[in-house]
1. Is any residue of the range 256-291 close enough, with backbone N under 13 Å, to a label point placed 7 angstrom from the Cα of residue 242 along the Cα-Cβ axis, and if so, which?
2. Along the charge dipole of the chain, Cβ charges K/R +1 and D/E -1, which of 52, 265, 234 sits furthest on the positive end?
3. Modelling each spin label as a point 7 Å along the Cα-to-Cβ direction, I'd like the residue 257/residue 78 distance in nm, to one decimal.
4. Can you spot the lysines whose alpha carbon is less than 22 Å from residue 99's alpha carbon? Ignore those fewer than 8 places along the same chain.
5. Using Cα positions and a limit of under 14 Å, work out the aspartates and glutamates in reach of residue 207, with same-chain residues fewer than 8 apart set aside.
6. Relative contact order (percent) for the chain, with alpha-carbon contacts under 8 angstrom and 6 or more residues of separation?
7. How much length would be gained if the chain were fully extended between residue 16 and residue 33, taking 0.36 nm per residue of separation minus their Cα-Cα distance, in nm to one decimal?
8. State whether the chain is rounded, prolate or oblate according to the following rule on the C-alpha gyration tensor (a ≥ b ≥ c being the square roots of its eigenvalues): a/c under 1.5 gives rounded; otherwise a/b larger than b/c gives prolate, and the remaining case gives oblate.
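Just so you know, all these numbers are worked out from the coordinates, no wet-lab data involved. All values reported here derive from a predicted model rather than from experimental measurement. Cβ placement follows ideal geometry from the backbone for every residue including glycine, while neighbour counts extend to all protein chains displayed.
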Amino acid sequence: MKVAVVTDQNAGFTIDEAKQLSLNVIKMPIVIEGEDYFENYTISEEEFFNKLASTENVKTSQPSIGEIMDLWTNLLKEYDNIVHIPMSSALSEGCASSKALANDEQFKGKVFVVDNHRISVTLKSAVRDALYLASIGKSGAEIKQILEDEAYNSTIYIMVDTLKYLKRGGRVTPSAALLGEALHIKPVLTILGGKLDAFKKVLGTKKAKRVMIDAIKNDRNNKFKDIKDEDLVYAIAYTYDKDAANMFKDEVVKEFNLDPNNVEVNPLSYSVATHIGPGALAVTISKKIYR
């Protein structure tokens, strides 16, 4: 059985990575002043963050249903099944839209939309799992079941550098945002049940990084205590400041005695950055299936 794997840009695969893996990646539109832009295609990282800083009229959007239908239709000419893995349903309506589309007569029983409540580097790990499972002959239905069973075998902690963008999106009150900026408060967020949620508020970047490392250590010693070291993936994610992310990676590598070559550093997608702004740092741990 031939199974194609589809995800969106929120998984963080580069154009070259996707080509090497024969992975199909759907572009995610960012709407700036009413015009659609596409990450790595029609707007650079520097241009995006300049626009994000200079205007409040930056919004995320969903890919068109027609684009998804065209992709699925073309893939089914060559493949028996499609496994489509969008970002968490709790963070975007795209997953629900794709699920509804998969129930259309022409796709039913052939396209399997996975909601494994992940985003960014944890989603990237799940996509790699799907590619591996497809390579060993698993069907679309089997891959969907495995990924959803493994959905919560991952955690992510994110430090937000400024409350400005959370305030813009209505996730904190204006007064709380002003107080946070004045006191240099760095919120640490986490993904719980697929939704972005507050984890802890601390003063300063140094303390925020320590909180994230301690949280990952606690998960390693408890949530993942029965999983072998070689079956875990650690990764770093960031918005805009890659140097800061590499420095944070060094701290995580030292803390957990990891092989630095096995710890990826990936930028968060523009869709995520729109809501949390530049200067964010994240650390994740996930159970892996792929070999």
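1. From the range 256-291, the list is 265-268.
2. The residue sitting farthest along the positive end of the dipole is 234.
3. Distance between the two pseudo-spin positions: 4.5 nm.
4. Within the straight-line limit of under 22 Å, residue 99 reaches these lysines: 2, 27, 77, 108, 110, 124, 138, 144, 195.
5. Correct list for residue 207: 161, 251.
6. Answer for the chain is 21 percent.
7. Between residue 16 and residue 33, full extension yields 3.2 nm more.
8. Verdict is oblate for the chain.
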